[in-house]
Amino acid sequence: MKIGIFSKFDVSGGSEFRCVSLANGLKEYTHHDAYLLSEKQHISDKVTPKLRDDVNVVRDCLTHPDVFYDMDHILVVNTDSKFYTTAEYWAGQSERHSHVIDLARIKGMSFLFNFIVSPARHLEHIQKLCEDVRIIPGNDKFFNEIDKKDKHEGIRSFPRMVLESPIHPESVYPFKAPSNTVRIGKHSKGLSSKWCLEHRDLILKVNEICGEDKIMWDFMGGSRDFNKSLKDIPNVITRKEFAIPVLVYLFGIDIFLFYPDWKRQEPWSRAVAEGLMSGCPVVATDADGGNRMQVKPGENGFLCKDINGFADALKFLIESPAELRKMGNSAMIGAQKFKTEEVVKRFLAFIE
């Protein structure tokens, strides 16, 4: 089959790297042809280095309609923008472009919803033109929302599945660097909503309870305000985003701390998945969506409702080395379902 993965690639975020991972996985683990279909001519210079040489890239693909008709299936990513889910977009009637793609000539389309699923309701108009339309929510919450909300009544019969972001096993080490301290950390982009400013209070609380000589806090990619709030705490390291490779960073972390702003609902965190696959128990906010899907309390981490919950969970792991190792092993085993090969196989089974 020829499988096209369509999205905007002029930026480099989780969605774009998910596209790249899927395309690479299709070439590495299957006999299918993978095409990266870029909405625009420009592709971020952070995206292209991660792409295999044998993945076909079509820039400004909307100016080449025949590419779409030649595909056996097209996966549309970043559908949270709403534009991509409307028939008007493909007819060239949106503010993003003026090119006409004849949906009736496309063999099949799947729409992947990373951040919100509400734009999926527009797909009933696309399905009137393209007979095979499928839905891929980013987590269980989105999947179930389609059944519960009246606005989604027109798409409930569409085939749908939950599909995690693929993580290549070589992107993490399956063991940890030796250390005399328990190393707690997180890596992420510097968006303020991803870095709760309560970190300082939590660090001081846990340092007091457990002793700062037993702990090293190591954060990579924190916002400016976040890093500034921690600069006077001796056992804290702050690094710029991607200051070191992620696999090297996770090699030196024992516990992954996922502590975004309390109002943030993370649909599905690639960083958490990488942490789990590297053997880190994850201590995260008890937020609906990806957190509850990825973290199983008492098995591969803990979900916390307040700062005291975070402190209690970290104290338990710091003072119980055997439980820390046990939960780390459980995290690594459970995360095997996020492996690129497994995710690609589930995607193919869904569209074939």
What number of residues within the stretch 121-145 are aliphatic (A, V, I, L, M) and in contact with an Asp or Glu (Cβ under 9 Å, 6 or more places away or on another chain)?
2
Examine the stretch 196-208 for a residue that is without any contact (Cβ under 8 Å) to a residue 60 or more places away in the chain, of a type in the set (S, T, N, Q) and either in the same structural domain as F143 (by TED's automatic domain parsing) or buried (at least 16 other Cβ atoms within 10 Å of the Cβ) (or both), and state whether such a residue exists.
yes
Could you look through the stretch 151-177, keep only residues that are polar (S, T, N, Q) and modelled with pLDDT under 95, and pick out the one that is surrounded by the most Cβ atoms within 10 Å (Cβ to Cβ)?
S165
Restricting attention to the stretch 66-73, does a residue exist that is over 29 Å from K149 (Cα atoms), modelled with pLDDT under 95, in contact with a helix residue (DSSP H, G or I) (Cβ under 6 Å, 6 or more places away or on another chain) and outside the structural domain of P267 (by TED's automatic domain parsing)?
no
Against the definition (surrounded by fewer than 19 Cβ atoms within 10 Å (Cβ to Cβ), over 19 Å from the mean Cα position of the chain (by Cα) and not assigned by TED's automatic domain parsing to the domain that holds E39), how does T181 come out, yes or no?
yes
Candidates K305, K240, K339, filtered to the one that is touching a strand residue (DSSP E or B) at 6+ places or on another chain (Cβ under 9 Å), within 25 Å of F142 (Cα to Cα) and without any contact (Cβ under 8 Å) to a residue 24 or more places away in the chain
K305
Residues located in the stretch 1-22, provided they are among the small types (G, A, S), in a strand (DSSP E or B) and closer than 15 Å to F113 by Cα:
S7
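The values are calculated or read from the model by the stated rules, or taken from the named source; none is laboratory data. Predicted, not measured: the structure shown is a model, and the values here were computed from it. Backbone-built Cβ (ideal geometry, glycine too); neighbour counts: all protein chains shown.
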